[in-house]
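The structure appears right after this line, and notes come after that.
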């Protein structure tokens, strides 16, 4: 198994149709001990119970630094170490530039960008002490192409910020054997698009993608497992596109 004895934290992982849950499930199947972090209303305990394999759920708000620190401490108490962090928590909003309010901006950037910083800060002291660790940050193809199909410009900005933050952390902590990488998903068939796109529209989009389909949550999960595993020990600061060829540079 690729992640035997690995302890992995996945933020925003309680939604059973989401990227985080798929990642937690696949990591557990590959031998990891998994901690699912999410808001109380998302019920991370039920998600962990569904995964099994000794997975635990922890209520945490990634926009609150104390909450992130407490979550990391709870994982350490439960498992004794932290090997992997998947910064998956994020929200979106389909509005145009001139419609974005200050509150909208704060809300979107706080979860994706501030949350990535706070959770990384929470686990990095332990990873430094271990002299090992892998942080995987979920960005988006919208950060690269200047806009997505569903997210507004502030979402693209937040996800572009994640790319810059991850690269800077990769430079800062590489000498301590801590790797920091990003994944940029394309359009993935999760609850985030449920009810927002007709089947006809999905088919139209699929026709523009070289692999001729929308992504699945497990496609992103597989990339997360790769970046957490020994298979990627010489990868840091990379942006791994998982979009079926939607954006070919």
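The values are calculated or read from the model by the stated rules, or taken from the named source; none is laboratory data. This one's a predicted model, so the numbers in the text were calculated from it and none came from an experiment. Using ideal geometry, Cβ is built from the backbone for each residue, glycine included, and neighbour counts are taken over all protein chains shown.
At a glance:
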| read-out | value |
| --- | --- |
| Output for the stretch 199-222, where each listed residue is out of contact with any helix residue (DSSP H, G or I) (no Cβ under 9 Å at 6 or more places or on another chain) and within 17 Å of residue 86 (Cβ to Cβ) | 215 |
| Index of the failed condition, residue 243 passing every other in (1) more than 20 Å from residue 2 (Cα to Cα); (2) in contact with a strand residue (DSSP E or B) (Cβ under 7 Å, 6 or more places away or on another chain); (3) surrounded by fewer than 18 Cβ atoms within 10 Å (Cβ to Cβ) | (3) |
| Verdict on residue 72 being under 16 Å from residue 123 (Cβ atoms), buried (at least 22 other Cβ atoms within 10 Å of the Cβ) and under 15 Å from the mean Cα position of the chain (by Cα) | no |
| Residue count, the stretch 10-38 (criterion: within 15 Å of the chain's Cα centre (by Cα), farther than 20 Å from residue 184 by Cα and surrounded by fewer than 21 Cβ atoms within 10 Å (Cβ to Cβ)) | 1 |
| So residue 47, is it in contact with a helix residue (DSSP H, G or I) (Cβ under 7 Å, 6 or more places away or on another chain), over 20 Å from residue 228 (Cα atoms) and crowded, with 22+ Cβ neighbours inside 10 Å | yes |
| Only one of 8, 35, 42, 22 that is without any contact (Cβ under 8 Å) to a residue 60 or more places away in the chain and touching a helix residue (DSSP H, G or I) at 6+ places or on another chain (Cβ under 8 Å) | 35 |
| Hey, residue 100 at pLDDT 95 or above and farther than 14 Å from residue 10 by Cα or not | yes |
| Checklist (1) in contact with a helix residue (DSSP H, G or I) (Cβ under 9 Å, 6 or more places away or on another chain); (2) assigned to a helix (DSSP H, G or I) applied to residue 184, failing item | (2) |
| Any hit, the stretch 161-171, residues being closer than 15 Å to residue 91 by Cα, assigned to a helix (DSSP H, G or I), touching a strand residue (DSSP E or B) at 6+ places or on another chain (Cβ under 7 Å) and at pLDDT 95 or above | yes |
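Quick grid of which residues meet (1) surrounded by fewer than 20 Cβ atoms within 10 Å (Cβ to Cβ); (2) under 15 Å from the mean Cα position of the chain (by Cα); (3) farther than 24 Å from residue 38 by Cα:
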position	(1), (2), (3)
94	yes, no, no
97	yes, no, yes
110	yes, yes, no
128	yes, no, yes
146	yes, no, yes
151	no, no, no
